[in-house]
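FYI, it's all coordinate maths here, none of it is from the lab. What you see is a predicted model, and the numbers here were worked out from it, not measured in a lab. Cβ: placed from backbone, ideal geometry, glycine included. Neighbour counts: every protein chain shown.
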Amino acid sequence: MEIGVLTIGSELLNGEIADTNTWRIANVLAAHGFDLRESLTVADSERDIAEALIALGSRREVVIVTGGLGPTDDDLTARAAAQAFGRRLVLHETALRQVQDFFRRAGREMHPRNEKQALLPQKAIVLPNPVGSAPGFLLQANARSLFFLPGVPEEMLAMLGASVLPQLEERAGGSSPRCERVFKTFDLPEPEVEERLAAAGLPSTVQVAFGVEFPFVYSKFRAEGGDAEKILDLAEVKVRRALGSHLVAIGAETLAGNVANLLTGAGLTLALAESCTGGLIAAQLTDIPGASAFLERGAVTYANSAKTAWLGVSTAILEGEGAVSEACARAMARGIRQAAGSDLGLAVTGIAGPSGGTAQKPVGTVFLALSAADAEHVQRYRFGGDRGQIRQMAACMGLDWLRRYLATKLENEAIDG
C-alpha cells in the first residue's frame, strides 16, 4: 500500500520544534506491516498545504496528515483541504458536538473560537478524538483516502490506532500484511549484533533490518503470510540464544520497564545515589506507573558535601581517592541503601565532561556500584561520546546491572525452590 505522510506547521521548519510525528507514524505503521513511502513537511500556508495534498494524493493511495486543526488563525488545514479538492467548508454538527463534549468533560467553558474546529470540508467523515478537542476527519477523493489528525503527538497516536489502522487493515484485506517484532540489545555493537544473528540459523523467510537508538541497537524482524507469527516465534528462540544477556527488551518493552517488573516480581526495594547522571536513572524508573512499589528514594548527590551529608561518604575517601573512584562509588551505594533501609542501593559517579578529566581519570570515566545484603559490586567504565551520551550510557548501564542481578537472583531462587 502506497502511504504518504504530510506534517503541517511553520514551527517544524523554523527550528522551534522537531517533527516527531513522522517518526511516530512510521514506527506504528511498520509494527502493523505497512510501509511509509514518502513524507513532506509544509508551513502554515493555505496554498502550500493545498498543493502538498494534491501532490501526495496523486502519488499515494493513503495520506496521513497531522497538524493545523486547532482554533487559531494559523490552523489552516481544513480550509486548505477544502480548496485542494474543490469542496465547500461547512459546519459539521457531529464535529461540533465532539468539541463541545470535550470541554464539558473537562469542566471548562468552550471559547467561541473553538467552533472553528468543526468547520470541515463537505462530505468529510469525522474521526473521534478521545484525548483532545480537535476532531479529525477522513476525505475520500479519487479512490484515495486522506486522514487528517491533530499535530499533538498524544492525540495523533490515539486516533491513529483507533481510526486509521483499522481502515488500513480493511484496505489490505482484513488483516495486517506483515508481522514485525523488534529486539533491543544493549552493550553490544551493531556489527556484532548482525554477525551473531547471521550465524543464528534464522528462518529464510524472515527479513531483518537494523537500527540504532543510542545506546540501544534495534533488530527488526518481519515475516509475511498467515503463519508469520509462528515464524517470528521460531526466530525469537534463535535470537534469544544468539544475543544472550545483551537482549534487554522485545517489542514495546523497555529496559527500565523490565527492571521495574523484575523488582516487583522479586519483592525488592531500591534506592539510588546519582552523581554524574543527575537523576536520569530515577527518571526512567519513575516513568513506570507504580514505581513507588519498588523505588524508595533517589538522591542526586552531585557535590562532595552531599555525598558526605546524605550518604556518609568519608572525607578521607573524597580527599584521597576522590569522588570519582571505586571507594566512593561503593560508599555511595552502601550509604543510600542503609539510609533508605532498602534491599538494594545503586550508585553512579563519574566525569561526563567536556572538562574535568585527567590523565588518570579521563572524561568518560564512570564508576558504578551495587550494594545488597548478600553482595557488593563495583566496576570502572570508560564511556565515549559527548556529555549527554556519557550520562545516558551510565544510566542505562546502571539499569542493566539491576536487570542482570535481579534475573540471576530470580533464576537461582526458582532452582532452589
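Note on Thr264 and Glu154: the model spin-label points, each 7 Å out from Cα along the C-beta direction, lie 2.1 nm apart. Taken about its Cα centre, the range 209-332 carries a charge dipole of about 140 debye when Lys and Arg each add +1 at the Cβ and Asp and Glu each add -1 at the Cβ.
More than 15 Å apart: what percent of Cα pairs in the range 271-344 qualify? Mind dumping the intermediate values first?
Values: 1392 of 2701 pairs.
Value for the range 271-344 (Cα pairs over 15 Å): 52 percent.
For Ser305, Ser45, the sequence from fewest to most other C-beta atoms within 10 Å is Ser305, Ser45. With 10 Å bins beginning at zero, the pair-distance distribution over Cα atoms of the range 78-234 amounts to 9, 26, 23, 18, 17, 6, 0 %. Taking Cα centre as origin and charging only the Cβ of basic (Lys, Arg, +1) and acidic (Asp, Glu, -1) residues, the dipole magnitude of the chain rounds to 180 debye.
Dimensions of the range 262-416 based on its C-alpha atoms, expressed as ranges along the principal axes with the largest first, amount to 47, 31, 28 Å.
The range 149-226 and the range 351-417 have their alpha-carbon centroids 29 Å apart. Per-residue ellipticity at 222 nm from helix content only, as computed over the chain with -39500 (n - 2.57) for each DSSP H run of at least four residues, stands at -12000 deg cm²/dmol.
Using a Gaussian network model of the chain in which every pair of alpha carbons under 10 angstrom is joined by a spring, one finds that among Ser325, Ser58, Ser342 the greatest mean-square fluctuation is at Ser58. Say we join alpha carbon atoms closer than 10 Å with springs in a Gaussian network model of the chain; which of Thr22, Thr72, Thr254 then has the biggest fluctuation? Of Thr22, Thr72, Thr254, the most mobile in the Gaussian network model is Thr72.
Listed values for the range 119-133 are Karplus-derived 3J(HN,Hα) couplings in whole Hz (6.51 cos²θ - 1.76 cosθ + 1.60, θ = phi - 60°), namely 7, 10, x, 4, 6, 6, 9, 6, 10, x, 10, x, 10, x, 8, and x replaces Gly and Pro. Normalising the Debye intensity of the chain to I(0), with uniform scatterers on Cα atoms only, and taking log10 at q = 0.12 Å⁻¹ returns -1.05. If you take the square roots of the eigenvalues of the alpha-carbon gyration tensor of the range 149-284 and sort them as a ≥ b ≥ c, do you get rounded (a/c under 1.5), prolate (a/b over b/c) or oblate? It comes out oblate by the Cα gyration axes.
Extension gain for Ile54-Tyr381 works out to 112.3 nm (0.36 nm per residue, less the C-alpha to C-alpha distance).
Label reach from Asp187 (point 7 Å along Cα→C-beta): in the range 220-253, amide nitrogens under 13 Å belong to 244-248. Using θ = phi - 60° in the Karplus curve 6.51 cos²θ - 1.76 cosθ + 1.60, the 3J(HN,Hα) couplings for the range 240-254 round to 4, 5, 6, 8, x, 6, 6, 7, 10, 6, 10, x, 7, 5, 10 Hz; x is entered for Gly and Pro.
Charge tally around Leu96: other residues with Cβ under 11 Å, Lys/Arg +1 each, Asp/Glu -1 each, net -1.
What per residue convex hull volume, in Å³, comes out for the range 178-250 when only alpha-carbon positions are used? Show your work: numbers first, answer last.
Numbers: hull volume 5.2 nm³, N = 73.
Dividing the Cα hull volume of the range 178-250 by its residue count gives 72 Å³.
Backbone geometry of the range 207-216 corresponds, through the Karplus equation with coefficients 6.51, -1.76 and 1.60 at θ = phi - 60°, to 3J(HN,Hα) couplings of 9, 10, 10, 10, x, 10, 10, 3, x, 9 Hz, x marking Gly and Pro.
Would you mind computing Rg(Cα) / (2.2 N^0.38 Å) for the range 3-171, counting N as its residues?
Working: Rg = 14.8 Å, N = 169, 2.2 N^0.38 = 15.5 Å.
Output field value: 0.96.
Residues Arg380, Arg60, ranked from the fewest to the most other C-beta atoms within 10 Å, line up as Arg380, Arg60. Along the chain, counting only GluC sites (Glu not before Pro) with a DSSP assignment other than H, G, I, E or B and at most 15 other Cβ atoms inside a 10 Å radius, the longest segment between sites is 110-252. For Lys230, a cut-off of 30 angstrom between C-alpha atoms picks up these lysines, skipping any fewer than 8 places away in its own chain: Lys184, Lys220, Lys238.
Let me have the relative contact order for the range 262-416, percent, based on Cα pairs under 8 Å that are six or more residues apart.
Values: 289 pairs, mean separation 36.5, N = 155.
The value is 24 percent.
Determine, for Tyr381, Tyr405, the number of other Cβ atoms within 10 Å of each Cβ, and report the residues in order from fewest to most. Present the calculation step by step, with values, prior to reporting the outcome.
On the way: Tyr381 15, Tyr405 20.
By the 10 Å Cβ count, ascending, the order reads Tyr381, Tyr405.
In the range 3-171, the DSSP beta bridges split such that about 40 percent are antiparallel, to the nearest 5. For the residues Ile25, Ile17, Ile317, a GNM of the chain with alpha-carbon springs under 10 Å puts the largest fluctuation on Ile17.
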